[in-house]
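The structure appears right after this line, and notes come after that.
The values are calculated or read from the model by the stated rules, or taken from the named source; none is laboratory data. Treat the numbers as computed from the prediction; the structure is a model and nothing was measured. Using ideal geometry, Cβ is built from the backbone for each residue, glycine included, and neighbour counts are taken over all protein chains shown. These area figures cover heavy atoms from the full protein model, side chains too; ligands, DNA and RNA do not enter into them. Shrake-Rupley method; radii C 1.70, N 1.55, O 1.52, S 1.80 Å.
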Amino acid sequence: MTGPEPVGAPSPPVGVIGGVGPLATAYFLQRVVQLTDADRDQEHVDLVVLNHATVPDRTDFVVGRSTLDPGPVLARDARRLEDFGVSFLVMPCNTAHYFTQQVLDAITVPFVSIVDVTVAAARRRDPALTRVGLLATAGTVASGVYADAFAAYGIEVVTPTVEDQDLVNAVIYDQVKAGQPADPDALRAVAARLVDRGAGVVVLGCTELSVAAVDHGLLDEPPFLDSMDELVRATIVRAGHRVR
């Protein structure tokens, strides 16, 4: 006796430009599994992941500390995934979105932007939003990817002071990227100061901060809005599945 006949051909997998950074990519994959409404293996999202950890540092290039351009590397990775036959691409890294145009120029399949889905989620949460706080790498802040995306809707982005940015950098680089425990209270304190400056929502605009958010339950605390969580949800829906 044989099992049931398969229904139709499987959909092409989702391509993930990963490794930027490696732990954030692993958490992205974990969250896709956890948030997909599935009762068995076959109901989960098919993914092809290129975990390219040696891509040159994105922030170092954006702020001028390095001449090693990650853009061509990310573009090649995108082409490799497209050649595999993916249906669309995602990149669970905010700073890397400074190089989005180079990626788009290299591919023909759709690309789902972590920045765009996060901006849309912030506007859904508060349709009257006029000011949003941003916790991110110095590279993401300097690149203006969030400032430009929010400005298109008349929303101002408020960023931390120099001292508070140092606290955020420590969580990203000295703690999460270094494999050390994250300090959620530092993020709470910086976020509170952004709220005092009028931010109605505080975006976690770095996927290393998303790791800290998952580990310490920050996703359940107002006013945090997590960029990776929004990309996870958008990926599941775009792939034709339901969010749990």
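General observations
- Annotation: THR54 carries an accessible surface of approximately 110 Å², with a 1.4 Å probe and no ligand, DNA or RNA atoms counted.
- Residues TYR173, TYR153, TYR146, TYR27 ordered from highest to lowest accessible area at a 1.4 Å probe: TYR153, TYR173, TYR27, TYR146.
- Selection of trypsin sites (Lys or Arg not before Pro), segment 1-104, meeting DSSP coil and at most 12 other Cβ within 10 Å: ARG40, ARG65
- Taking the chain as a Gaussian network of alpha-carbon nodes connected by springs under 10 Å, the highest mean-square fluctuation of the residues ALA178, ALA78, ALA149 belongs to ALA178.
- Annotation: amide H-H contacts under 5 Å for ARG131 (H modelled 1.01 Å from N, sequence separation of 5 or more, or interchain): GLU156, GLY200.
- Probe 1.4 Å, protein heavy atoms only - accessible area per residue of segment 63-144 in square angstrom: 43 Å²
- Panel values: the chain, Kirkwood radius from alpha carbon pairs, Stokes-Einstein at 10 °C and 1.306 mPa s, translational diffusion coefficient 86 µm²/s.
- Across GLU208, GLU221, GLU156, GLU163, the residue with the most accessible area heads the list, and the full order at a 1.4 Å probe is GLU163, GLU156, GLU221, GLU208.
- Nonpolar atom fraction for the chain, defined as the carbon and sulfur part of the 1.4 Å probe accessible area, stands at 51 percent.
- Accessible surface of VAL117 - all protein chains present, 1.4 Å probe, nearest 10 Å²: 30 Å²
- Computed from label points 7 Å out along Cα-Cβ, the spacing between ASP60 and ASP148 is 2.4 nm.
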